[in-house]
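First up is the structure itself, then whatever we jot down about it.
The values are calculated or read from the model by the stated rules, or taken from the named source; none is laboratory data. Nothing here was measured: the structure is a model prediction, and the numbers come from that model. Cβ atoms come from the backbone with ideal geometry, glycine included; neighbour counts cover every protein chain shown.
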Amino acid sequence: MSNLIVHGGTPLKGRVIPSANKNAVLPILCGTLLSREPIRLKGIPESTDVRKILEVFRKLGSQVEVNYETGILDVHHRDTHFDAATDRLPEEMRSSIMLVPGLMARFGAARIEDDVKGCTLGAREIDPHVEVFERFGAAVERQPDGLTLKVDGKLRANKHWTDYASVTTTENFILCAALAEGTSTLTNAASEPHVQEFTQFMQMLGAKIEGQGTSRVTIHGVDKLGGGEFTFAEDFHEIVTFLALGAITGGDVRVKNSQPEQFPLLDRTFAKFGVNIVHEDGWSRCEAQFPLKVKEPFTRNILQKVEAAPWPYLPVDLLPIFVALGVKAEGSVMFWNKVYDGAMGWTSELAKFGGHAFQADPHRIITFGGKPLTPAEVESPYIIRVAIALVMVAASTPGRSVIRNATPVRRAHPNFAENIRRLGAQIEWVEGD
């Protein structure tokens, strides 16, 4: 177990450069498996999930050279091998399911472990992924410890309409379609920024993709993919997180942001808490009146609300960040997670700080902010940005707080503590129980 010790009450100030987006990095890493040519990735983060994927590559015989100080990864899958009977994929990271298309295309076989999982966000089914694999021609067989998938010949193109706009299902469809025979079309595709970054990488390899960034994507299968060099963009999740840390502590934080065109809805969401976001010269800055105050709706009989759903809604991954602002800001806000049914059950941890948050149902909570907060020892669920939201509340509260089981932070943000320490935060990792 890794805990974060936070001595709060210091306004955070300064500049910070975010790392790459985990949700772009992992599918791109999985996508490299489709190519037999050398590939260089620039800006690779030293996260636990990245390390696990690269270890899988090494075990399968791929050439992997990585320098986390420079952020450069060279990977070559020319001599890669795979045996579905003996080789295992990581169970503790949901993104390992995106290795399946490359394995099926290269070796005609793959497997899905029984316990493949990610953050504890509620029911996260694998059926949509299995359905995609079957539509491309995979025969699926249940084994005592997972599923095996076998393909006779090349993957076969198809048209598919998903039940909902799932990011990972969309990426798995594109990975399968890239080398399939014929033209494939996906309707109700996810369009998040990290999905668009993933499609840009696939196009760099030679994949023929139309409609990226929309809900209907068409992929024309090619015989093979090439190599090349790709540079990751800044993670918009980290950008929002650092800006929110500046706002909640009454500080002045500027964050490198080369894609402000992704931020209009995020900016308006910050404004609901009295925070103005300014984008200029490749940087974003928070300007907040302190103490924070919730903006009253013009409709008098409703609460201010923040609704999160698949892009172009506010991303559900960022909802906890704004919940932290809601606990701090004077006023009431309803938060609505329209995707996951198990991501809102951490209000009891906010209460340990003195925060007032009421869980209305599995999808909605209401914060009654502006209450006096005191330092506390809290337990984070295994959800990346809930751990960070608890850090935010701790950082805004004078005194020593402990965020127990903060390990999920390292899955996405390897230098999180170091970055906010440079902004003036007193924070440190402590290993052990």
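When restricted to residues that are at pLDDT below 95 and within 28 Å of Gly8 (Cα to Cα), region 319-344 contains 2.
From Val275, Val255, which residue is touching a Leu at 6+ places or on another chain (Cβ under 9 Å) and over 29 Å from His363 (Cα atoms)? Going through Val275, Val255 in turn, just one is touching a Leu at 6+ places or on another chain (Cβ under 9 Å) and over 29 Å from His363 (Cα atoms): Val255. Within region 39-53, the residues that satisfy the criterion of being modelled with pLDDT of 90 or more and farther than 22 Å from Met204 by Cβ are Glu46, Arg51, Lys52. Taken as a whole, the structure leaves Ala308 outside the set of residues that are surrounded by fewer than 21 Cβ atoms within 10 Å (Cβ to Cβ) and not charged (D, E, K, R). Being surrounded by fewer than 23 Cβ atoms within 10 Å (Cβ to Cβ) and in contact with an Asp or Glu (Cβ under 7 Å, 6 or more places away or on another chain) is the filter here; which residues of region 25-41 pass it? Once the filter is applied, which keeps residues that are surrounded by fewer than 23 Cβ atoms within 10 Å (Cβ to Cβ) and in contact with an Asp or Glu (Cβ under 7 Å, 6 or more places away or on another chain), region 25-41 yields Pro38, Arg40. Among the numbered conditions (1) among the acidic types (Asp, Glu); (2) without any contact (Cβ under 8 Å) to a residue 12 or more places away in the chain; (3) surrounded by 21 or more Cβ atoms within 10 Å (Cβ to Cβ), the only one that Glu280 does not meet is (3). Of the strands (runs of 3 or more DSSP E) that lie entirely inside region 200-261, those containing 1 or more residues that are surrounded by fewer than 20 Cβ atoms within 10 Å (Cβ to Cβ) and either among the β-branched types (Val, Ile, Thr) or not assigned by TED's automatic domain parsing to the domain that holds Ala417 (or both) span 208-210, 216-220, 228-231. One residue alone among Leu29, Leu54, Leu34 is assigned to a loop (DSSP other than H, G, I, E, B) and under 23 Å from Val195 (Cα atoms), and that residue is Leu34.
Residues of region 416-429 that are surrounded by 19 or more Cβ atoms within 10 Å (Cβ to Cβ) and not small (Gly, Ala, Ser): Phe416, Asn419, Ile420, Leu423, Ile427. Assessment of region 290-299 against the conditions (over 20 Å from Gly331 (Cα atoms) and out of contact with any helix residue (DSSP H, G or I) (no Cβ under 8 Å at 6 or more places or on another chain)) yields no matching residue. Of the residues making up region 218-232, those that are touching a strand residue (DSSP E or B) at 6+ places or on another chain (Cβ under 7 Å) and either aliphatic (A, V, I, L, M) or within 15 Å of Phe198 (Cα to Cα) (or both) are Thr218, Ile219, Val222, Gly227, Gly228, Glu229, Phe230, Thr231, Phe232. Considering only region 389-403, I want to know if a residue exists there that is of a type outside the set (D, E, K, R), modelled with pLDDT under 95 and closer than 16 Å to Leu319 by Cα. No, because not a single residue in region 389-403 is of a type outside the set (D, E, K, R), modelled with pLDDT under 95 and closer than 16 Å to Leu319 by Cα. When restricted to residues that are over 18 Å from the mean Cα position of the chain (by Cα) and either acidic (Asp, Glu) or closer than 16 Å to Glu377 by Cβ (or both), region 399-425 contains 8. Listed by first and then second residue, the pairs with beta-carbon distance under 6 Å, at least 6 apart or on different chains, first residue in region 146-173 and touching a residue at least 12 places away in the same chain (Cβ under 8 Å) and within 18 Å of Thr199 (Cβ to Cβ), second part of a strand (DSSP E or B) and small (Gly, Ala, Ser), are Ala157/Ser184.
Among the residues of region 304-318, is any of a type in the set (Val, Ile, Thr), in contact with a Ser or Thr (Cβ under 7 Å, 6 or more places away or on another chain), assigned to a helix (DSSP H, G or I) and at pLDDT 95 or above? There is no residue in region 304-318 that is of a type in the set (Val, Ile, Thr), in contact with a Ser or Thr (Cβ under 7 Å, 6 or more places away or on another chain), assigned to a helix (DSSP H, G or I) and at pLDDT 95 or above. Considering (1) in contact (Cβ under 8 Å) with a residue 24 or more places away in the chain; (2) closer than 25 Å to Ala288 by Cβ; (3) out of contact with any Gly (no Cβ under 6 Å at 6 or more places or on another chain), the lone condition that Ala329 does not fulfil carries the number (3). Residues in region 340-373 that are assigned to a loop (DSSP other than H, G, I, E, B) and touching a residue at least 60 places away in the same chain (Cβ under 8 Å): Tyr340, Asp341, Gly342, Ala343, Pro362, Gly370. Test Asp252 against the stated conditions and say whether it is touching a Cys at 6+ places or on another chain (Cβ under 9 Å) and of a type outside the set (A, V, I, L, M, F, W, C). Against the criterion (touching a Cys at 6+ places or on another chain (Cβ under 9 Å) and of a type outside the set (A, V, I, L, M, F, W, C)), Asp252 qualifies. A single member of Phe353, Phe358 is farther than 18 Å from Val240 by Cα, in contact with a strand residue (DSSP E or B) (Cβ under 8 Å, 6 or more places away or on another chain) and surrounded by fewer than 16 Cβ atoms within 10 Å (Cβ to Cβ), and it is Phe358. When each of Val6, Val56 is tested for being free of Cβ contacts under 8 Å to residues at least 60 places away in the same chain and of a type in the set (A, V, I, L, M, F, W, C), the lone residue that passes is Val56.
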